[in-house]
Amino acid sequence: MSEPAPKREVDRKIEKLREELRHHEHLYYVLDAPEIGDAEYDALMNELKRLEAAHPELITPDSPTQRVGGKPAEGFKKAQHSRPMLSLDNAYSAEELADWNRRVHELAGNLPVEYTAELKLDGLSVALRYEPAPGGGGLLALGLTRGDGQIGEDVTSNIRTLRSVPLSIDAAKLKKAGLAPGKVFEVRGECVMPEKAFEKTNQEREREGLPAFVNPRNSAAGTVRTLDPGIVATRGLVFFAYFLLVNGEYFAAGQTATLDALTALGFRVNPHRGRVESVDGMMKFIDDAEKRRATLGYEIDGVVFKVDAHTTQQRLGYTGRAPRWAVAYKFTAQSAITKLEDIMITVGRSGKLTPTAMLTPVFVGGVTVSRATLHNADFIERMGLLIGDWVKVERGGDVIPKVVEVVEDKDHPRGTHKFSFPAKCPECGNAVVREEGEADWRCVNADCPAKLRESLLHFGSRGVMNIEGLGDAAVQQLLERGLVSSVADLYSLTEEQLVDLERFAEKSARTLLAEIERSKKAGLARVLMGLGIRFVGERTAELLAQEFGSMDELESAAQDDPERLVRVEEVGPRISKAIVDFFARPANRALVAHLKKAGVEMTAEKKQRSAELAGLTFVLTGTLPNLSREEAKQKIESAGGKVSGSVSKKTNYVVAGEEAGSKLDKAQELKIPVLDEAGLLAMLAGHGRQSAS
Ligand code: IVH
């Protein structure tokens, strides 16, 4: 019996959309060379979602819509590696490389030796297993962390969210790569967190009162081991492949052939690679890599050299923990030992107290470092830092220097006294508090001069009102003369007042005034950011502006109808509370009124509600971690979706939280995709695309 024609047509259409999406994901996430814009991509994705929603029986696990799915794990299962994941021996100098090269030649006998040179990516290694799929291709079946090298943790649902990891590989690609069909193959490589994604992650953590990740590697490792794939999906991790095993055996002729095959399979292979024959060649590659290091956008900590030819690799074999045919040259110049002279506290715009290490100046990786961030009180506590300690400072790429450990030996005795976090604000002398569950101490004085200074600097900064000339020196003087007591006062400054200031020529006074005048047109989103409402960064400000269209409307929603706030994409109870709290304070309402009176534009074009979930029906069950049932319902409905009370064949998604009951069972019985809260939010946000650079 043949299927009815319309069904087959839908089938074809769905498959065609998937092909297109996979093609564009590959261009964007692997080759870094997109051909279409985000809007076009989103349109294709929405069309696919719509068709799949109407024909849930056609959903396949490797569909581009299925990257985030399932419930958060309770813990990770363990699984055995098909072959141990080994480590690498290290070399730190040309001499050590020369020793290694000599040993390789001795063991290789008279075989000629060529090496591949690759960047040593600073992330965490993972192994991806692909199993034969109907049609002759391969399907991603397992993603494992390195673990102890023998047994790793099953992080498959997290790895599936990385768009640089293909969920399936078709038969044609296998053929092109020279792989026979019907075999299990395994791709190994490094998951890295690009620096931009790292900064974004830490900003989010800071907003949530969580301790910052110390470096991108920790952040990548923490993310891959997060129990919630919905979170992993937003973190911008990238997978670089460097190894391929077929039926448990090393692939083909050698490492160059392996990297080429991985490229043909559609993986992201690091483009900075080469072949060298001598120690001179190695040193030249290292030199190039060090020069390039700061501009890569992700961190590397060295260069890996591998004997290229597989036959020679086999001859060289392994020691217990590492192959004899490979070596990792580690960069070293990027860290130095110096003395912690003091700890200074700075007060931020929100009143947050940040400790900064004052160091004896030391040359690290090309620059002189005399300060480094110590994050917060917990960080100092955890390290057991004493004033006078010798510490190791590190600088990776162009990232801010950091204190990584206390050094203690006969030349480096321990310091003398413990640093106690001030009980009073160092700027205004008022009390500081640390709220439950927060990592930071804050000054609670609304009139703290540091807060005003930092607010002015923030207000004028490039990403906010973009007032050129409103830098440290200008702000300091405006405050000293008592010319401003809020950001709104900027708009009543006069030329006479400014030329009076030190180092303020007539011309720069006029320029600053012109810049202030120009900033009136920055628009609602910028003003919202400039107000410094907690948790309201660029993206949230933009979404609020689009939803409410004017400050007045936002203000009245905050005061009379806070439910409306939560309807905005990405606004949850935490952000909504911050907005409500902000407008609840008379001083803040007065500030807004003052800005308005000064002529600062406070409107934006309202955006048509997105129809991201149009045509989809959801059922909610159990308790979600952050959203109430009502909030989740409003979010779905304002994105065009429907919420129904019972699970049936017509349900497209079940959103399940803690203690989900029979509805979840029913969903599983009917094979309806189940989302958690993060999965729902990711869907509302259209999955938020990110690239590596
Ligand atoms: S090859 C048996 N290539 O460095 C050889 N490793 O210090 C397996 N790494 O565990 C590793 N970039 O996590 C290889 N281009 C690269 C690498 C690389 C980073 C990591 C990997 C490994 C660690 C060893």
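Pairs from the table (LYS649/LYS671; LYS291/LYS330; LYS424/LYS451; LYS200/LYS633; LYS330/LYS392) lying more than 20 angstrom apart at Cα are LYS200/LYS633.
Charge tally around GLU630: other residues with Cβ under 11 Å, Lys/Arg +1 each, Asp/Glu -1 each, net +1.
Rounded to the nearest 0.05, what FRET efficiency do ALA54 and VAL214 give with R0 = 35 Å and r taken as the Cβ-Cβ distance? Could you check? Walk me through the intermediate numbers first.
On the way: r = 47 Å, r/R0 = 1.35.
E between ALA54 and VAL214, to the nearest 0.05, is 0.15.
The tail of the calculated P(r) for the chain, taken as Cα-Cα distances beyond 47 Å, holds 28 percent of the pairs.
Give me SER93, SER82 ranked fewest to most by other Cβ atoms within 10 Å of their Cβ, as a rough exposure proxy.
On the way: SER93 12, SER82 17.
Going from sparsest to densest Cβ surroundings: SER93, SER82.
For the chain, the mean residue ellipticity at 222 nm estimated from helices alone is -10500 deg cm²/dmol, where every DSSP H run of n ≥ 4 contributes -39500 (n - 2.57) and the total is divided by all residues, rounded to the nearest 500.
Summarised in one figure, the compactness ratio Rg/Rh of the stretch 280-326, Cα atoms and Kirkwood Rh, is 1.10. For each cysteine in the chain, check whether another cysteine's C-beta sits under 4.7 Å from its C-beta; list those where none does. Among the cysteines of the chain, those whose Cβ sits 4.7 Å or more from every other are CYS191.
Expressed in nm to one decimal, what extension gain is obtained for the pair VAL499 and LYS410 from 0.36 nm per residue of sequence separation less their Cα-Cα distance?
Length gained, VAL499 through LYS410: 26.2 nm.
Restricting the calculation to alpha carbons of the stretch 66-198 gives Rg and Dmax of 18.5, 56 angstrom. Taking every alpha-carbon pair under 8 Å whose residues sit at least 6 apart, the chain reaches a relative contact order of 12 percent.
Please work out the FRET efficiency for the pair LYS521 and ASP148, using the Cβ-Cβ distance as r and a Förster radius of 51 Å; give the result to the nearest 0.05.
It comes to 0.30.
Across the stretch 308-320, rounded Karplus estimates of 3J(HN,Hα) from the backbone phi angles (6.51 cos²θ - 1.76 cosθ + 1.60, θ = phi - 60°) give 6, 5, 5, 4, 5, 4, 4, 5, 6, x, 10, 8, x Hz, Gly and Pro being marked x.
Among the trypsin sites (Lys or Arg not before Pro) within the stretch 372-446, those in coil by DSSP and having at most 16 neighbouring Cβ atoms inside 10 Å are LYS410, ARG414, ARG434.
Mind giving me the FRET efficiency for LYS175 and ARG629? R0 is 45 Å, r the Cβ-Cβ distance, nearest 0.05 is fine.
Efficiency for this residue pair is about 0.35.
Within the shell of other residues whose beta carbon sits under 10 angstrom from the beta carbon of ILE387, the net charge comes to -1, with Lys and Arg scored +1 and Asp and Glu -1.
Would you mind ranking GLU631, GLU637, GLU408 so that the residue whose beta carbon has the fewest other beta carbons within 10 Å leads the list?
With the sparsest Cβ surroundings first, the list reads GLU408, GLU637, GLU631.
Each Lys or Arg adds one and each Asp or Glu takes one away; over the other residues whose Cβ falls under 13 Å from the Cβ of GLY351, this sums to +2. The base-10 log of I(q)/I(0) for the stretch 375-475, evaluated at q = 0.10, 0.21, 0.25 Å⁻¹, reads -0.46, -1.10, -1.17 [Debye formula, identical scatterers on Cα atoms, solvent excluded]. Within straight-line reach of LYS176, meaning a Cα separation under 27 Å, sit the following lysines at least 8 residues removed in sequence or on another chain: LYS13, LYS16, LYS306.
Radius of gyration over Kirkwood radius for the stretch 1-120, both on Cα atoms: the Rg/Rh ratio is 1.23.
Got the relative contact order for the stretch 164-247 handy, in percent, Cα pairs under 8 Å and 6 or more residues apart?
Working: 81 pairs, mean separation 39.3, N = 84.
Answer for the stretch 164-247 is 47 percent.
Across the stretch 443-576, Cα-Cα pairs more than 28 Å apart make up 26 percent of the total. In the chain, taking the dipole from charged Cβ atoms about the Cα centre, the farthest positive-side position among PRO61, GLY679, VAL347 is held by PRO61. Here the gap between ALA98 and ASP378, fully extended at 0.36 nm per residue and compared with their Cα-Cα distance, gives a gain of 96.4 nm.
Magnitude of the charge dipole for the chain, about its Cα centre and with charges confined to Cβ atoms of Lys, Arg (+1) and Asp, Glu (-1), is about 1120 debye. By the count of neighbouring beta-carbon atoms within 10 Å, fewest first, HIS55, HIS81 end up ordered HIS55, HIS81. The value given for the stretch 115-274 is a Kirkwood hydrodynamic radius of 16.3 Å, derived from the mean inverse Cα-Cα separation.
Modelled spin-label separation between GLN80 and ARG12, with each label point placed 7 Å from Cα along the Cα-to-Cβ direction: 4.7 nm.
Each value in this text was obtained by applying a stated rule to the coordinates, not by laboratory testing. All values reported here derive from a predicted model rather than from experimental measurement. Here Cβ is always computed from backbone atoms with ideal geometry, including for glycine, and neighbour counts include all displayed protein chains.
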